[in-house]
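One structure is given below, encoded as structure tokens.
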Amino acid sequence: MSHDAGRLAWAYLSRVAEPPCEEIAALVGEVGPLEAARRVARGEVSLALAQRTAARRDIDAAAADLDVLHRRGGRLITPDDDEWPALAFVAFGGSALRDKPQGRPPLALWAIGPARLDEIADRAAALVGTRAASGYGEHVAADLAAGLAERDVAVVSGGAYGIDGVAHRAAMSTEGTTVAVLAGGIDILYPAGHSALLHRISATGLLLSEYPPGVRPARHRFLTRNRLVAALAAATIVVEAGVRSGAASTAAWARALGRLVGAVPGPVTSAASAGCHTLLRGGAEVVTRAEDIVELVGRAGELAVEESHPVGPLDGLSDAERQVYEALPARRAASADEIAVASGLPPTAVLGPLAMLEIAGLVRSQDGCWRLCRPG
């Protein structure tokens with residue numbers, strides 16, 4: 001299959017150094033992808049870049065990599081494409097990331113799926129958490145993801161077991177858009193137990209990786225991947241996580257990128273929620289329902305619906321009615337004078353409230369006295 005020279009150059013540069021590579025990005029910015037690829041291949045580059053690319057510069061698998069991608073119905077998304085989420089990646093220029101070697105945008109992204117990356121990044125939330133999720137964590141993750149999907153917010157996560165997988169599934173079950181950002185090549189569905197899930201995501205949402213085909217996931221790649229999960233979402237929500245966890249790393253990236261961070265409180269006895277509580281103490285937003293997240297990622301003026309509160313029998317009573325109600329003895333009838341003494345109100349001021357309480361079905365009159373009505 002023939003590929004255009006520009007795509008081949010991007011594909012070659014994507015493999016030649018471990019991403020993200022600041023020196024390659026700078027060279028591309030200076031001379032464009034075609035000339036950058038030519039110079040790297042010939043070693044006509046700075047000493048720093050020559051060292052970064054020495055091991056791989058003779059491997060030109062660009063055409064084969066693009067063939068693998070096209071056979072799977074995928075595409076290479078580059079800064080030359082309309083689909084590139086340029087606005088979302090502006091955050092990588094922030095001062096908080098200057099000292100982080102990984103704190104750079106991706107050079108290009110290998111993608112499979114019908115969803116457009118620029119549209120996703122315009123309205124997305126990341127839901128992340130522990131692989132060893134509790135029943136509570138899974139329940140909350142599913143509720144949040146389904147609620148976001150119903151409100152046209154894309155759900156971004158990392159495709160892992162536990163919270164990630166639950167979030168992806170719940171978003172799809174509500175016919176929403178979900179994105180899995182992988183820590184290895186787009187053709188290596190990891191973890192293997194999620195290969196069917198990841199296939200489903202690639203059929204309706206988007207599978208995404210900055211690594212070319214065939215690259216195996218590795219610990220440092222998961223940590224590097226987490227910055228993309230955070231960058232593509234307006235808010236990162238940690239549903240359930242230990243103190244030192246990948247989810248906590250994603251939240252740290254989100255904060256460094258100037259994104260909002262939220263956390264779901266859990267039982268104080270649960271080690272699986274300890275990371276969430278640490279984030280909450282550090283100023284993360286408290287998240288208990290999908291509306292909380294919609295408010296964080298929504299456009300100006302899009303506010304959460306006011307939370308409904310449980311209605312009790314005394315809700316809606318005036319202060320005087322409540323005072324009179326609370327003055328009634330628990331097990332016998334009382335006269336207006338007794339109620340006045342117990343409530344501290346003048347005898348003439350208790351008759352109006354008693355009449356309103358009787359209409360509300362909370363008290364009944366009996367031979368000039370009043371008594372509480374028991375529920376039922």
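The values are calculated or read from the model by the stated rules, or taken from the named source; none is laboratory data. Nothing here was measured: the structure is a model prediction, and the numbers come from that model. Neighbour counts run over all protein chains shown; Cβ positions are idealised from the backbone, glycine included. Note: areas computed on protein heavy atoms with side chains; ligands, DNA, RNA excluded. Shrake-Rupley method; radii C 1.70, N 1.55, O 1.52, S 1.80 Å.
Taking the criterion of being under 18 Å from residue 68 (Cβ atoms) and not in a loop (DSSP other than H, G, I, E, B), the residues of the stretch 202-215 that qualify are 202, 203, 206, 207, 208, 209. Suppose the filter is open to solvent by 10 Å² or more (accessible area, probe 1.4 Å), part of a helix (DSSP H, G or I), of a type in the set (Ser, Thr, Tyr) and free of Cβ contacts under 8 Å to residues at least 24 places away in the same chain; does residue 195 pass it? It is true that residue 195 is open to solvent by 10 Å² or more (accessible area, probe 1.4 Å), part of a helix (DSSP H, G or I), of a type in the set (Ser, Thr, Tyr) and free of Cβ contacts under 8 Å to residues at least 24 places away in the same chain.
Within the stretch 92-99, none of the residues are under 23 Å from residue 182 (Cβ atoms) and open to solvent by 50 Å² or more (accessible area, probe 1.4 Å). The residues of the stretch 256-277 that are within 13 Å of the chain's Cα centre (by Cα), farther than 16 Å from residue 138 by Cα and outside any strand (DSSP E or B) amount to a single one, 259. Restricting attention to the stretch 1-50, the residues that are open to solvent by 40 Å² or more (accessible area, probe 1.4 Å) and polar (S, T, N, Q) add up to 2. Is there any pair linking a residue in the stretch 95-117 that is of a type in the set (D, E, K, R) to one that is open to solvent by less than 60 Å² (accessible area, probe 1.4 Å), with Cβ under 7 Å and at least six apart or on different chains, and which? Final answer for the pair search is 100/256; 104/20; 104/25; 104/92; 116/83.
Pairs are defined by a Cβ separation below 6 Å, a sequence spacing of at least 6 or placement on different chains, a first member in the stretch 142-164 that is more than 18 Å from residue 247 (Cβ to Cβ), and a second member that is charged (D, E, K, R); the pairs so defined are 153/123.
A single member of 60, 67 is open to solvent by less than 50 Å² (accessible area, probe 1.4 Å), over 30 Å from the mean Cα position of the chain (by Cα) and either more than 19 Å from residue 8 (Cβ to Cβ) or charged (D, E, K, R) (or both), and it is 67. Within the set 132, 125, the sole residue that is in contact (Cβ under 8 Å) with a residue 24 or more places away in the chain, over 26 Å from residue 69 (Cα atoms) and in a strand (DSSP E or B) turns out to be 125.
Exactly one residue out of 315, 337 is within 30 Å of residue 288 (Cα to Cα) and of a type outside the set (A, V, I, L, M): that is 315. Across the stretch 135-158, the qualifying residues are those that are farther than 26 Å from residue 270 by Cβ and part of a loop (DSSP other than H, G, I, E, B), and the one among them that is least open to solvent (accessible area, probe 1.4 Å) is 153.
Of all the residues in the stretch 208-245, those that are within 26 Å of residue 140 (Cβ to Cβ), open to solvent by less than 20 Å² (accessible area, probe 1.4 Å) and touching a Lys or Arg at 6+ places or on another chain (Cβ under 9 Å) number 6.
Listed conditions (1) over 30 Å from residue 349 (Cβ atoms); (2) at pLDDT 90 or above; (3) open to solvent by 30 Å² or more (accessible area, probe 1.4 Å); (4) not hydrophobic (A, V, I, L, M, F, W, C) are all met by residue 308, apart from (2). Scanning the stretch 246-256 for residues that are farther than 12 Å from residue 130 by Cα and open to solvent by 10 Å² or more (accessible area, probe 1.4 Å) yields a total of 4.
The one condition from (1) under 30 Å from residue 292 (Cα atoms); (2) free of Cβ contacts under 8 Å to residues at least 24 places away in the same chain; (3) in a loop (DSSP other than H, G, I, E, B); (4) of a type outside the set (Phe, Trp, Tyr) that residue 81 does not meet is (1). Within the stretch 272-295, the residues that satisfy the criterion of being in contact (Cβ under 8 Å) with a residue 24 or more places away in the chain and of a type in the set (A, V, I, L, M, F, W, C) are 272, 274, 276, 279, 284, 286, 287, 290, 293, 294.
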